[in-house]
Amino acid sequence: MIYSMTGYASSQRELSLGVLSVELRAVNHRFLDLSLRLPEEFRALEGAIREKLTGRLNRGKLECRLNFNAKDGANTQLRLNNALVAELLRLADQVKEHQATAGDLRMGEILRWPGVIESDALPTEVLQATALEILDVALDDFLASRAREGEKLGAILLARADEMEQILAEIKPRLPQIIEEYEAKLTQRFVDAIGTADDDRIRQEMVMFAQKVDVQEEVDRLATHIAELRRIVKTGGNAGKRLDFLMQELNREANTFGSKSISVDTTKVAMALKVLIEQMREQIQNIE
């Protein structure tokens, strides 16, 4: 299965004091470019979040946004840790016994001491663990949406491949006749110009001309590349870069086919092939 680089997913969980949510959105990019938007209390999770994302994604410009919205009217009650305050004051008195000039602890210093102020809010550890859980849920949905989009992109590519094969199947049996008709026109021009076409040099030139305008090799290579396109789409995985390279090869063969054109029909075929290849290239830009 192939995956699109564009996708969106979100997940949320309602907690006692608010709603914790994760949002993932991505667009195409040559490499994996992560952008994290985290509240300060979740900043410690940045490494774990990046590890989860890089473990399951390969390409795309991805934005991961984590939010915690407190409920309206949710009042967090603050409490003083009396035991810790008493211990701090006791230690301060001991310091003054050894150092008489030591000053007293100020109220601001006591209140800023870690653990002195307690609240009934959810512990940070619980919030962070919950955030990672809903990230997994959002990531599963995100990959599923990418897979659905990738399936559609694959169908488009295969449809264009069918059109290319149909064009080649129609022109291939006509190529000998097209070359023969053009050689007849050239021969007539020689007759009109010099009165005869029965000349060894003219015959040699005609043979060389037939070799130069023969596009059978290009037709065969186009067919081979189309078969490889089908194989890659069927195999799936990280197919974007391989498909992009294959488009370059297809375009090269179509250009060569066009440069050897000796009739309006073959010129139209070359242009039709190039249009289909460009349409595929545009879709492949979104494939991981």
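Before moving on, here are some points about what is shown:
- Cα centre as origin, Lys/Arg/Asp/Glu Cβ charges: the chain dipole, Debye: 200
- For the chain, the residue among Leu84, Asn255, Ala155 whose Cα projects farthest onto the positive side of the dipole built from Cβ charges is Leu84.
- Among Gln94, Gln188, Gln177: highest mean-square fluctuation, GNM of the chain, C-alpha pairs under 10 Å: Gln94
- Apportionment of accessible area to carbon and sulfur, the chain, percent (1.4 Å): 51
- When you work out D = kT/(6 pi eta Rh) for the chain at 10 °C and 1.306 mPa s, using the Kirkwood radius from C-alpha pairs as Rh and the Stokes-Einstein form, the result is 62 µm²/s.
- Using a Förster distance of 45 Å, the FRET efficiency for Leu36-Ser259 (Cβ separation, nearest 0.05): 0.35
- Largest mean-square fluctuation among Leu66, Leu243, Leu84, in a Gaussian network model of the chain whose springs join Cα atoms under 10 Å apart, belongs to Leu84.
- Counting DSSP beta bridges with both ends in the chain, the antiparallel % (nearest 5): 75
- Length added when fully stretched, Arg50-Asn82, from 0.36 nm per residue minus Cα-Cα: 7.5 nm
- Extension gain, Glu282 back to Ala92 (0.36 nm per residue minus Cα-Cα distance, nm): 61.3 nm
- Candidates Gly103, Gly258, Gly236: whichever shows maximal mean-square fluctuation once the chain is modelled as a Gaussian network with Cα springs under 10 Å: Gly103
- Of the residues Ile167, Thr6, Gln279, the one whose Cα sits farthest towards the positive end of the charge dipole of the chain is Thr6 (charges of +1 on Lys and Arg Cβ, -1 on Asp and Glu Cβ, taken about the Cα centre).
- Modelled spin-label separation between Glu249 and Arg112, with each label point placed 7 Å from Cα along the Cα-to-Cβ direction: 6.6 nm.
- Hits among lysines - C-alpha to C-alpha of Lys172 under 24 Å, sequence gap 8 or more where chains match: Lys185, Lys212, Lys260, Lys268, Lys274
The values are calculated or read from the model by the stated rules, or taken from the named source; none is laboratory data. Computed from a predicted model, the values in this text were never measured in an experiment. As a convention, Cβ positions derive from the backbone with ideal geometry for all residues, glycine included, and neighbour counts pool all protein chains shown. Ligands, DNA and RNA are excluded from the accessible area calculation, which covers all protein heavy atoms including side chains. Shrake-Rupley method; radii C 1.70, N 1.55, O 1.52, S 1.80 Å.
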